Structure formats: structure tokens, C-alpha cells
Amino acid sequence: MTIMRHARRESAPAKARRVFVLGLALAAATTAAAAPAVHADPPRRTQDLGVQVKVFDPATPVAEIQAALDATHAAQVDNEMGTQRYAYLFKPGHYGTPEQPLQLKVGYYTEIAGLGASPTDVVINGKVEVYNRCLADGGTSNCLALVNFWRTLGNLTINIDGKGQDGCRAGANFWAVSQAVSLRRLNVTSGTFTLMDYCTAGPQYASGGFIADSRLPSVVNGSQQQWLTRNSELGSWSNGVWNQVFSGVTGAPDDAAFPNPPYTTLDTTPVSREKPYLFVDDKGRYNVRVPSARRNTSGVSWANGVTPGRTIPLSDFFVAEPGDSVRDINNQLARGKHLLLTPGVYDIARSIEVKRANTVVLGLGHATLTAVNGSTPLDVADVPGVVIAGVTIDAGTELSPVLLRVGKKHGHRPADPANPTTLSDVYFRVGGPHVGKVDTALEVNSDHVLIDHTWVWRADHGVEGFTDTQRWNTNTGLTGVVVNGADVTATGLFVEHFQRHNTVWNGERGTVVLYQNELPYDPPTQADWMKGDVEGWAGYKVGDHVRKHTLHGGGVYVFNQNNPSIHTENGFEVPRTPGVKLHHIMTVNLSAGVIDHVVNGVGGPADMTNVGAPVYVAEYPAP
């Protein structure tokens, strides 16, 4: 997230300064067998996916689909901190026609997905879009994409059709989003896919984002500050503000001229596993496909047919709804069931315990687990092959030690490199819809874990009922991510605003592909932002004892809005050893505060003399 989010609370001069600042920036797994399932009758029909899930089939009138999605978008387009959650699922077939294309818009906490075994099984003639959100009294004086969070699109084909839209929007599918927005298994057959909305009050700013396992034509990145595209196929890619990272992408741009443009390109992805997806087979039965983990791959997983992996019938899942007790959920998990969380908010007063290898926990429609009484909402044992996907975890009003723990700190670690425990589209919030308090949001103690897209957010704004100057002592979160396990890989690690090191990586042989961080906006004084005698806490810290670690494409941003005189000595802090390598990293000043160096005293200051202009270090240590 970036500074424009606060424009609605700013004076006109402050807002003008920020627009200027951002204007500068814009210009400038082999799979093990599933745990044995107990096939007792489920507590409810497995095809009942919850009251907030709507399943369409090709016989559904286009007007009915359009009306349902229009109504949800109208309710959700400004419902940033609300509790409503929705999923719209499409059975295999074609939807919309050249004469009556579907024009779908996606608001907060909404998932749109196909129910085919392949993305080509569900075809939308029309568009599925996100536009700039206009914050100022319903007008267009403050329209941007910086707060377009928490929405999901995947597993379908879009034939772009602009019929009925004005000339500005014709021929392009707009996807103007920021963090916690997942775009996976998408097949776009024509036109342009644009990651900025250049029609609503002109080009505006965004802080995304993530694409995986998708086949796209011409992509306009435009005003996106950072983006990860992984294991996909691109016709072309244009523009970039700061970090644009491509991993295992056919058609990715070359990065030889870094930082102009600011591209980082890996030919293959070191470790990947695509997110599980719900599908309907040819007999109308619901199943979940769990892709296998892969190493050193490129391109989409479905190029030669169904994505390699295993299929689990939905009857092997406990289909949970908000209001189900954790006791019942844990009993079902202990009996060998997997867990499907239907859309909604779940109050979790004791841990959901995932103890069996190869267990799948899949959330629909941004299912949200909220800590109650200082609980740890989700606790995963030291077992291989667990997959947690599509789940948001919120801190509660009482202090939790951790929100999601993978393995015990000093536990036995029977990891399987070919079958890593995987976190896909798992998001964390500390504050925002209510007061939040946590020590560490995500703690990974197991070895061979894959983190595939996460946003770990200590809120810089919300509806908690206190001002920015009060947030420091009320909305508390010390550390976003702590990795103690060895051989952990993260593809798309977004961590923001925590009160000490935002990320601490203690495990050996860690690999990160795209790291994005904003330091906290709200330290009241320099004394509140000190690590002993050192000014500030680096946004990315690799433990002093670590001897091998690799980062590809990283950025740490500063905006000390409560006290612009505050300094942070280094954006990145790592051991000085040849085995710890940082590739294409940067810091940037968003208009307040100072980061004195990029990494370990190397790199000039990101201060008020170069607002909006990144300070890059291409390689650390220098070759």
C-alpha cells in the first residue's frame, strides 16, 4: 500500500505533494498419497457450498448472471472493511454472447472462478474487471487502485468483448488491483489485459500484485509499483514503476538493462505448486484438484492437459460454515477429512489443528479466520504435503503470539522436498476492520515449506476508531514473517507496516522471488523506532548466522507520516558472506522519513531530495 490511501484525510497541499511524488514514480509437487479419509456421512450435503456461494451453469440466462454480479459489486465496491464474503462459480460451458457479453466487475471479498478441470472449460465472452475506486464523496477527484484488495479470479477463459462500453474501455480487460488479489489459471484469448485503469479519472496508481499459471496476450503494467508474474505465458509486457519480477514466464521481458526498465527475470521457478481448485467432473460431481509440486519449471501447468496432481472428491472434505465450532472442525480433521471453508468470517477461540500429512485446507470467497481471546487460529504440524489456500487470518483484540504457525520451533521436521507444505493466497491482517494485536503473524518452523503469494499487513488505515497517531500503541504487531525452517521458498512475499523487522529469515538456504515491504507509517518518535543503538529496523532481515540465502527482486519503502524526521539505517540487513545474495533490490521514499542505505551501508539515501525515485543496488555483495 502507498500514501495515496490517506488522501481523503489530507489537506489539499499535502495531497498535491503526494500526487507529485507518485507522478515522479510513474514517470520514472511429486505428490504423496492423501491421508486416508473417513467416508462417513458428512454433517451436511457436500454440494452445499454455503449461502454466499452461487453456482451458474450455461443454461442460466445472461441477464440473471449479470444482475447477480452487478448487485454484489454495488454492495462490495466500497465495502473494504466489511464482513460479507462471496464466491461465484461457473460450471463448464460458455457464458455471454457477442450480442450480449457479460461485463462483470469484482468488488471486495469476491471470488469468481470456473469449475472446469482446465481453464479452457469455462469461457466468458465479455470481461471480468476491477476499476479505480473513487474515494472522495462519490466523485472522481480521488480515484485510484491503491486500496483494491481482497479479490480472486481464476480457472477460466476470457474472450474480451467491449461491446456496449465506451471507446476508452473497448478492447481491454481492466484489472486495477493492489495486494491480496489473486489471478491464477486465467486464459485470455484476445485484446489487452491492463493492470491499471486509465479511464476512470485518467491513469492512477496501484500497488499489486500477482499472476500465476496464466496465458495472457498483451499486458499493460502501467502504474503498478511492483508485480510478480510466475509460471505463465505472455504475448508482451509494457511499463513498470519499481520492481517487476518474472519467474518461469514464457515471453517475459529481458532484464539486462536493469533498472531501466526495472525488470527481474528468472528463466525457471525454483519451486512451485499451483493452488488447489474446485471442479465438476463429467458426472456432475464436485472435486478438488491438488496440483503436484514442481521444480525448475516455466510456463503454465495445463499446457498439455489437466494440471498434474491428485483429485480429492468433495465428499472427503468437511465443508465448514461460519458458526461451526473449532472442536467439530478438529474432530473431522483428526478423522482424516480435509477442510473446505465456505465464505464468511469465523471466530476462532482455539487453534484449528492440522496434524495429518497431505491435508488440504481450502477457503472460498476469502473465508476469514479471526483470532479470539489471543488464540493462534491455524496451527500446522511438522508433517509434509499440507496445503493451506485461499484463507485470510485476522488478529483479534487480544494479543496473539502468532496467527499461523507451521511446525514447532524445536520440533521434529520430517519434511519432503518433493512434497512441500504450501501456503497459497494466505493473507494476514492486524487491524483494519477492528483492533488487532499480535507478536508474529506468520511463523514457519518446518523445513521445505513453499509460500506462494501472501500479503501480511499491519493496517495503516481502517475503522478501528482511532487516529493514525494513536495506532502505534493500539494496533500492535511486532513482526510480520519469521522463517526458522531450512530450504523454505517464497514466491510473492508482501509484508507491510510491522513495528520491528517486518521479515526475519533465520533458516538456511532460503529463496525469495519478489519481496515488497513498506515500513510502518506511524512511529511517533525516533526513540520509538530504534533497535538498540541502531536507528530503525530493516524491512528485511536475514539472521546473522545464515550462510546461504537468495533474494530476487526486493523493495523497502518509507513513509513516516507521523514524524518525517525519523531515520532507518538500512532497508535490508544481511550477513556479509558470499553465500547470501541479493539480486535487484531497492529503497524508495514516498514523501516522509529517510532510509539511509539500501543494504548494510551500501546505496545512497532514500530521502526528501529524491522523493519517488528508487535507490537501486543491482547485486549484493557486488560481483
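The values are calculated or read from the model by the stated rules, or taken from the named source; none is laboratory data. None of the values given here were measured: they were computed from a predicted structure. In this analysis, Cβ positions are derived from the backbone assuming ideal geometry, glycine residues included, and neighbour counts consider all displayed protein chains.
Before moving on, here are some points about what is shown:
Quick grid of which residues meet (1) outside the structural domain of Trp457 (by TED's automatic domain parsing); (2) in contact with a Phe, Trp or Tyr (Cβ under 7 Å, 6 or more places away or on another chain):
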residue: Thr311; (1), (2): yes, no
residue: Ser325; (1), (2): no, no
residue: Asn330; (1), (2): no, no
residue: Val345; (1), (2): no, no
residue: Lys355; (1), (2): no, no
residue: Gly363; (1), (2): no, no
residue: His366; (1), (2): no, yes
residue: Gly390; (1), (2): no, no
residue: Asp394; (1), (2): no, no
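- For the condition touching a Ser or Thr at 6+ places or on another chain (Cβ under 9 Å), under 16 Å from Leu102 (Cα atoms) and outside the structural domain of Ile451 (by TED's automatic domain parsing), Val188 qualifies.
- So Thr474, is it surrounded by 23 or more Cβ atoms within 10 Å (Cβ to Cβ) and over 17 Å from Ser272 (Cβ atoms): no
- Condition met for Gly336 (on the phi > 0 side of the Ramachandran plot, outside any strand (DSSP E or B) and in contact with a Gly (Cβ under 9 Å, 6 or more places away or on another chain)): no
- Qualifying positions in region 237-284 - within 22 Å of the chain's Cα centre (by Cα), under 30 Å from Pro313 (Cβ atoms) and outside any strand (DSSP E or B): Glu274, Lys275, Pro276
- Residue match in region 258-266 (condition: buried (at least 24 other Cβ atoms within 10 Å of the Cβ) and among the aliphatic types (A, V, I, L, M)): no
- Meets criteria (touching a helix residue (DSSP H, G or I) at 6+ places or on another chain (Cβ under 9 Å) and in a strand (DSSP E or B)) for Val588: yes
- Conditions (1) crowded, with 24+ Cβ neighbours inside 10 Å; (2) farther than 22 Å from Ile393 by Cβ; (3) not small (Gly, Ala, Ser); number of the one not met by Phe498: (2)
- With a requirement of 1 or more residues that are under 21 Å from Val288 (Cβ atoms), among the hydrophobic types (A, V, I, L, M, F, W, C) and under 19 Å from the mean Cα position of the chain (by Cα), the strands (runs of 3 or more DSSP E) lying completely within region 70-162 that satisfy it span 86-90, 110-114, 151-160.
- Some residue of region 311-330 being assigned to a strand (DSSP E or B) and more than 19 Å from Gly50 (Cβ to Cβ): yes
- Pairing each residue of region 470-490 that is not assigned by TED's automatic domain parsing to the domain that holds Ala459 with any residue that is assigned to a strand (DSSP E or B) and among the charged types (D, E, K, R), provided the two are 6+ apart or on different chains, yields no C-beta distance under 6 Å.
- Leu514 at pLDDT 95 or above and in contact with a Leu (Cβ under 9 Å, 6 or more places away or on another chain): yes
- Qualifying residue in region 286-301 (condition: more than 25 Å from Thr421 (Cα to Cα), out of contact with any Asp or Glu (no Cβ under 7 Å at 6 or more places or on another chain), of a type outside the set (Ser, Thr, Tyr) and not assigned by TED's automatic domain parsing to the domain that holds Thr342): no
- All of Arg429, Arg405 fail the test of being assigned to a strand (DSSP E or B), touching a strand residue (DSSP E or B) at 6+ places or on another chain (Cβ under 6 Å) and more than 21 Å from His338 (Cβ to Cβ), apart from Arg429.
- Members of region 281-304 found to be buried (at least 23 other Cβ atoms within 10 Å of the Cβ) and aliphatic (A, V, I, L, M), listed by number: Val290, Ala293, Val300
- Residue match in region 501-519 (condition: closer than 20 Å to Val406 by Cα, of a type in the set (Asp, Glu) and within 22 Å of the chain's Cα centre (by Cα)): no
- Within region 207-257, being surrounded by 23 or more Cβ atoms within 10 Å (Cβ to Cβ) and among the hydroxyl-bearing types (Ser, Thr, Tyr) holds for Ser207, Ser214, Ser223, Thr229, Ser232, Ser247.
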